[in-house]
Amino acid sequence: MSVQDVIREQVTGHPVVLYMKGSPDFPQCGFSANAVRILKACGVNEFFTVDVLANPEIRQGIKEYAHWPTIPQLYVKGEFVGGSDILTEMYRNGELQKLLK
């Protein structure tokens, strides 16, 4: 199975997927920590995460999959939502909460 196939299986196999640096309990960058904080503030306590630092192929592959150059990346119901800045803006205006219900 190719890296793209693995990523497709991950994003379509779980309702909420966060590609991040580190883990929800120990994020390895401020942007990933921000994404986790926002998800929890939206009431999402269980979500599938992938630590891109532990898998360089996924780290590069996810950037190609979404045509998005940065990590973290959030997927909801198989669709790419955005990175930390987009999540912050969507959270502030209430769009993210609606999307996650």
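I need every pair where a residue in region 20-43 that is on the phi > 0 side of the Ramachandran plot and of a type outside the set (S, T, N, Q) has its Cβ under 9 Å from the Cβ of a residue that is modelled with pLDDT under 95 and in a loop (DSSP other than H, G, I, E, B), sequence separation at least 6 or different chains. That search, which allows pairs on different chains as well, returns 43/101. Looking only at region 1-59, residues that are of a type in the set (Ser, Thr, Tyr) and part of a helix (DSSP H, G or I) come to 2 in all. Scan region 35-55 and give yes if some residue there is closer than 26 Å to residue 5 by Cα and aromatic (Phe, Trp, Tyr), otherwise no. Yes, the conditions are met somewhere in region 35-55.
Residue under question is residue 61, and the condition is that it be within 21 Å of residue 25 (Cα to Cα) and either surrounded by 12 or more Cβ atoms within 10 Å (Cβ to Cβ) or not basic (Lys, Arg) (or both); does it hold? Criteria not met by residue 61. Filtered by the rule that a residue be farther than 26 Å from residue 101 by Cα, more than 11 Å from the chain's Cα centre (by Cα) and not basic (Lys, Arg), region 51-66 gives 53, 54, 55, 56, 57, 58, 60, 61, 64.
If the condition is being touching a strand residue (DSSP E or B) at 6+ places or on another chain (Cβ under 9 Å), surrounded by fewer than 20 Cβ atoms within 10 Å (Cβ to Cβ) and more than 15 Å from residue 96 (Cα to Cα), then region 22-50 contributes 22, 23, 24, 28, 29, 31, 33, 46, 48. The condition (being more than 12 Å from the chain's Cα centre (by Cα), at pLDDT below 95 and basic (Lys, Arg)) is satisfied by just one residue among 101, 40: 101.
For region 76-101, taking the residues that are assigned to a loop (DSSP other than H, G, I, E, B) and of a type outside the set (D, E, K, R), the one that is surrounded by the most Cβ atoms within 10 Å (Cβ to Cβ) is identified as 83.
The values are calculated or read from the model by the stated rules, or taken from the named source; none is laboratory data. Just so it is clear, the structure is predicted and the values come from calculations on it, not from any experiment. Cβ coordinates were reconstructed from backbone atoms using ideal geometry, including for glycine residues, and neighbour counts include every protein chain displayed.
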